[in-house]
Amino acid sequence: MFRKSSFLSPILLFLTILPTFSQSSNRDDAEAPCGVPPLNKNFTRFDYLMPDTHRLVGSLESSPHAWPWTGQLVAMRMEANGSATVTHKCGCALIARDFVVTAAHCFAKSRLPSRFIVLLGGHQIFDGKVQFKTFLIIHPLYQIVHSAYDAALLRISPVPKFDDFIWPICLPTRPAAVNGMCVVTGWGRLAEGGKRPTKLREIHVPVMRTTTCNSVQHYAGRLHYPSMICAGFNAGKSDACQGDSGGPLQCQNAKNVWELQGIVSWGIGCANPKFPGVYTKMFVICPWIRTEMRRLKTLYPLALKEQKSE
C-alpha cells in the first residue's frame with residue numbers, strides 16, 4: 001500500500017563527477033521567495049484547469065527544472081573501486097536551504113545516515129547534486145494508527161546553493177482548498193507494476209474532502225483525519241505510484257505561490273477508481289517541522305556556518 005519503490009541505477013555513480021550545474025546563475029535567498037520557481041514563474045493555478053477532466057492523462061513529463069524543490073532520496077552502497085551503486089527509494093521536497101521532508105516509511109528498513117543521500121536539481125533520474133543526510137527525525141506520532149503522521153525531516157549537508165535548478169517550496173499557511181487542483185511530482189512507476197520513468201513526471205489532481213474520502217464508497221474509515229488528506233479523481237486516471245512516496249503534493253495559494261500541502265504516503269493500488277492517493281497533511285505537521293528545524297539550528301549552528309563558507 002505504501003508508494004515506496006526500490007530500483008538500481010544501471011550504472012555505477014561516481015560521486016566525484018556528478019553534474020554541478022555550473023552554468024546556472026547563483027541567486028541570493030532574498031531575490032525571490034520560496035514557492036516561486038525561477039524557471040516556472042508564469043505557471044498559474046489556472047493553466048491546468050481543463051473543462052473535461054477526462055483529458056487529464058495519468059502523468060506527463062515535467063518541463064525541466066519546473067519544480068526545483070523536488071528531490072530524490074537514494075540508498076547508496078559503496079564499492080571497492082570508490083564508486084557507489086545507488087537505488088531510488090523515494091521522493092522528497094526541499095523546504096529550506098538545509099532541510100528536506102519525505103515520508104517516514106521510506107526508512108522502514110534502515111535509518112542509518114550513511115545509507116542515504118539526497119539528490120537535488122536533477123530532471124533525469126539519478127542526475128543531481130549530492131546532499132548527504134546528516135540528521136533524520138521521524139515524526140513522534142508516526143504509526144499511532146496505520147500510516148498516521150507519515151513524515152520525516154532530514155537535514156542535509158553540504159548546504160546547496162539556490163539557483164535555477166534548486167529552490168525551496170513554501171510551507172502551507174492554511175489547509176489545501178477542497179476541490180483545488182494540485183500537482184504531484186516524482187520518478188515513480190508510470191502504472192502499478194509498470195515502467196519506471198527516466199525523467200521527472202507530474203500529475204494534476206484535485207483535493208478531495210476528507211470525510212468523502214473516508215466514506216464507505218472510498219476508504220471506509222481507514223484514514224486518520226488529523227494527519228491525512230486525499231487527492232485524486234473518483235474515476236482514478238491520475239495518481240501517485242510506487243517510487244513516488246515522500247514526494248510533494250504542491251498547490252498554489254491565492255498569490256500563485258506554491259505551497260507543500262502533502263507528502264505522498266499510501267493508497268490502494270495506483271489510480272484505482274474510488275481510491276485516490278493519500279497524503280500526509282503538511283498543514284498539521286508544520287508546527288513540528290518548524291520546532292525541529294529551530295532546535296537543530298540552535299544545537300548545531302557552527303556546522304552549518306562551516307558548510308556555507310566552503
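Every read-out reported here was derived from the displayed coordinates using simple, explicitly stated rules and does not represent laboratory data. Just so it is clear, the structure is predicted and the values come from calculations on it, not from any experiment. Cβ coordinates were reconstructed from backbone atoms using ideal geometry, including for glycine residues, and neighbour counts include every protein chain displayed.
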J(HN,Hα) series, region 236-243, from Karplus relation 6.51 cos²θ - 1.76 cosθ + 1.60, nearest Hz, glycine and proline x:
x, 6, 10, 6, 6, 8, 4, x
Enumerate the calculated ³J(HN,Hα) couplings along region 269-286 in order (Karplus 6.51 cos²θ - 1.76 cosθ + 1.60, θ = phi - 60°), each rounded to whole Hz, writing x wherever the residue is Gly or Pro.
x, 10, 6, 6, x, 6, 10, x, x, 10, 10, 5, 7, 5, 4, 6, 9, 4
Mean Cα-pair separation over length for region 83-210, i.e. relative contact order, pairs under 8 Å, 6 or more apart, %
24
Sequence of E61, E292, E202 once ranked by neighbouring C-beta atoms within 10 Å, starting from the fewest
E61, E292, E202
Centroid-to-centroid separation of region 230-283 and region 86-160 [C-alpha atoms, Å]
18
For region 122-127, what does the Karplus curve 6.51 cos²θ - 1.76 cosθ + 1.60, with θ = phi - 60°, yield as ³J(HN,Hα) per residue in whole Hz, taken in order and with x for Gly and Pro?
x, 10, 6, 4, 6, 10
Amide H within-cut-off set for F233, under 5 Å, with H built and near neighbours excluded
S238
Can you list residues from other chains, or at least 5 along the same chain, whose modelled amide H is less than 5 Å from the amide H of F162?
R27
List the residues whose amide H sits under 5 Å from the amide H of T134, counting only those 5 or more places along or on another chain, with H placed 1.01 Å from N in the peptide plane.
R155, I156, S157
